[in-house]
Amino acid sequence: MTPSPKRFLVTGGAGFIGSAVVRHLIDRTDNQVLVVDKLTYAGNLESLSPVSSNPRYAFEQLDIVDTPAMRRVVGGYRPDVIMHLAA
């Protein structure tokens with residue numbers, strides 16, 4: 001029996017490790033992924049370009065310390081899993 005797809009929220013998903021996790025989730029699972037990244041020195045959207053056109057991938061540029069914005073994102077997206085990989 002195949003598990004049902006999950007909704008992942010990945011902070012720092014444009015970083016080296018985060019983007020590898022996101023690419024794996026999109027390429028090898030049926031899960032949906034929302035990346036939240038501030039895009040500072042560690043983030044690079046180019047590392048997500050292989051999955052950027054996938055309908056199960058979404059991106060929000062924001063700072064995870066912006067509480068109102070994070071409440072809006074988490075409340076609207078309602079993730080099953082949150083992976084905190086931000087620097």
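The values are calculated or read from the model by the stated rules, or taken from the named source; none is laboratory data. The structure presented is a predicted model; accordingly, all values stated were derived computationally and were not measured. Using ideal geometry, Cβ is built from the backbone for each residue, glycine included, and neighbour counts are taken over all protein chains shown.
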Out of all the residues in the stretch 59-80, which are under 21 Å from residue 43 (Cα atoms) and surrounded by 12 or more Cβ atoms within 10 Å (Cβ to Cβ)? 59, 60, 61, 62, 63, 64, 66, 69, 70, 73, 74
Top-ranked residue of the stretch 4-23 - restricted to ones that are in contact with a strand residue (DSSP E or B) (Cβ under 9 Å, 6 or more places away or on another chain), hydrophobic (A, V, I, L, M, F, W, C) and over 18 Å from residue 69 (Cβ atoms), ranked as surrounded by the fewest Cβ atoms within 10 Å (Cβ to Cβ): 21
Every listed condition ((1) touching a residue at least 24 places away in the same chain (Cβ under 8 Å); (2) aliphatic (A, V, I, L, M); (3) surrounded by fewer than 16 Cβ atoms within 10 Å (Cβ to Cβ); (4) not in a loop (DSSP other than H, G, I, E, B)) holds for residue 39 save (4)
Any chance residue 26 is crowded, with 16+ Cβ neighbours inside 10 Å and modelled with pLDDT of 95 or more: yes
Return the residue satisfying two criteria in turn: it lies in the stretch 64-87 and is part of a loop (DSSP other than H, G, I, E, B), touching a strand residue (DSSP E or B) at 6+ places or on another chain (Cβ under 9 Å) and at pLDDT 95 or above, and of such residues it is nearest to residue 2 (Cα to Cα). 80
State the number of residues belonging to the stretch 9-32 that are of a type outside the set (Gly, Ala, Ser), under 14 Å from residue 84 (Cβ atoms) and out of contact with any Pro (no Cβ under 6 Å at 6 or more places or on another chain). 5
